[in-house]
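Undergrad: I'd like to ask some things about the structure below.
The values are calculated or read from the model by the stated rules, or taken from the named source; none is laboratory data. What you see is a predicted model, and the numbers here were worked out from it, not measured in a lab. Because the Cβ atoms are built from the backbone with ideal geometry, glycine has one as well, and the counts that use them run over all protein chains shown.
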Amino acid sequence: MKRVAISTLIFLGLSGCAAMNEKECTAANWHAIGFEDGVRGATPAAFSTHRKACAAHGITADFEGYKKGHDQGIVQFCRPQNGYNQGTRGYVYQGVCPDHLESAFVTAHLEGYTLFQKHAEMHRIGKELHAARERAKTIEHEILETTAHLAAPGIPAVERANLALEIKHLTEEKIDVERSIPELEYAYEQAELDYENFKNRGAEQYSSL
């Protein structure tokens, strides 16, 4: 089937493996290494990293053993529940699942990634709401300070006019910011509700797989 280009949408990826040292290469169980790489969703290209690291120590990697282990591990990785979990964390799907497992994995992965997006949107609105509330407090403080300065004796006429204009602009901004707060509160409530509903649906669908 055609690979889903989901990796272009998600900014996080599975962590890479550290280069093997000489001791590790000497004692390597290549079947086990392949299995571990498969379980974590690494592409078969990970073998190249291991091979080069061990070659630097004069040790030849066992591709056949590695591949057999990787093939077994990838079956564990390609379970729909794991696909869903990977998606909720924003991880990249690198097209490693065999054809007979890929469709269910990708469907679950996209479901999880949608939840990831909904959480990100809820977080974005929450940050915007917090910033609006903080800005409203700051403006109120600035208006009080500027008003006190304006009321001080001996203020030149030009400065007085500038202070009055500043108060006018701050007041207008305060009105706009305070008007945006209820809208953001409603948007956050809706985003949170959407997230929780989608999360509960996913939990029911994939927790038992």
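Undergrad: Starting from region 174-198, take each residue that is under 22 Å from residue 115 (Cβ atoms) and part of a helix (DSSP H, G or I) and list its partners that are among the polar types (S, T, N, Q) and modelled with pLDDT of 95 or more, counting only C-beta distances under 7 angstrom and pairs at least six apart or across chains.
TA: Correct list of pairs: 198/114.
Undergrad: Tell me which residues, restricted to region 179-209, are under 30 Å from residue 79 (Cβ atoms) and among the acidic types (Asp, Glu).
TA: Across region 179-209, the qualifying residues are 192, 194, 196, 204.
Undergrad: Same structure again: Of everything in region 39-60 that's in a helix (DSSP H, G or I) and under 27 Å from the mean Cα position of the chain (by Cα), which residue is modelled with the highest pLDDT?
TA: Step by step, filter region 39-60, then rank; the result is 39.
Undergrad: Mind checking which pairs have a first residue in region 85-104 that is within 20 Å of residue 201 (Cα to Cα) and a second that is surrounded by 16 or more Cβ atoms within 10 Å (Cβ to Cβ) and among the acidic types (Asp, Glu), Cβ under 9 Å, 6 or more apart or different chains?
TA: From region 85-104, the pairs are 87/111; 88/111.
Undergrad: Does residue 155 satisfy the condition of being farther than 30 Å from residue 85 by Cβ and surrounded by 14 or more Cβ atoms within 10 Å (Cβ to Cβ)?
TA: Considered against the rule, which asks whether it is farther than 30 Å from residue 85 by Cβ and surrounded by 14 or more Cβ atoms within 10 Å (Cβ to Cβ), residue 155 comes out as yes.
Undergrad: Out of (1) modelled with pLDDT under 95; (2) in contact with a Phe, Trp or Tyr (Cβ under 9 Å, 6 or more places away or on another chain), the odd one out for residue 122 is which?
TA: With respect to (1) modelled with pLDDT under 95; (2) in contact with a Phe, Trp or Tyr (Cβ under 9 Å, 6 or more places away or on another chain), residue 122 is out only on (1).
Undergrad: If I ask for residues that are closer than 20 Å to residue 138 by Cβ and of a type in the set (D, E, K, R), which ones from region 150-178 would you list?
TA: Matches in region 150-178: 166, 168, 172, 173, 174, 176, 178.
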